[in-house]
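Novice: Have a look at the structure that comes next, please.
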Amino acid sequence: MAVIHVPRPKDAYNPNRPAGSLLKAQLEHFREAESKLPLRYRRQIETYIKAVKTEGEAAAYIRAVTEAIHEAHADAERARIVPKRKRVLEIAAFAEPGRPTRKSAPGKSKKSAKKKGRRRPKE
């Protein structure tokens, strides 16, 4: 199989370039995701999406929100983990002194409980 080399564009990310419409749409989605987070995970960035002008500002906001989402999920996962308990078998049974612990079935004698040996037939 032949290897095809694809050159990387040198101007793929320019922090000073104005943010395009696709990047602004992604910022809207990140803003919505941040609004769903609990208050303690929201970043103190008072970013209005319309105030973001460059790719660098957009990248900083996206990084901050992504870190907050990861932190919230990690804390939630730690809260879900319940420490394993050691299994302990506790028995709360006792027998009264002088009384048998087990009753035999009525009508059966000890003789019938024994196995009877079979005799071999004579040849």
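Novice: Farthest toward the dipole's positive end in the range 21-80, which of Y48, T66, L22, given Cβ charges of +1 (Lys, Arg) and -1 (Asp, Glu) about the Cα centre?
Specialist: Farthest towards the positive end: Y48.
Novice: Now, a different point. Taking H as built 1.01 Å from N, whose amide H comes closer than 5 Å to the amide H of T54, not counting residues under 5 places away?
Specialist: For T54, whose amide H was placed from the backbone, the distant partners under 5 Å are A19.
Novice: Applying 1/(1 + (r/R0)^6) with R0 = 35 Å to the Cβ-Cβ distance of T54 and A79, what FRET efficiency is obtained, to the nearest 0.05?
Specialist: Plugging the Cβ-Cβ distance into 1/(1 + (r/R0)^6) gives 0.40.
Novice: First check a/c for the range 1-85, with a ≥ b ≥ c the square roots of the eigenvalues of its C-alpha gyration tensor; if it is under 1.5, answer rounded, and if not, answer prolate when a/b is larger than b/c or oblate otherwise.
Specialist: Oblate is the answer for the range 1-85, as a/c is 1.5 or above yet b/c matches or exceeds a/b.
Novice: Lys and Arg at +1, Asp and Glu at -1: add these up for the other residues within a Cβ distance under 12 Å of G20 and post the number.
Specialist: Computed value for this residue: +2.
Where a number appears in this text, it was derived from the coordinates with a stated rule and is not lab data. None of these values were measured; they are calculated from a predicted model. Neighbour counts are summed over all protein chains in view; Cβ atoms, including those assigned to glycine, are modelled from backbone coordinates with ideal geometry.
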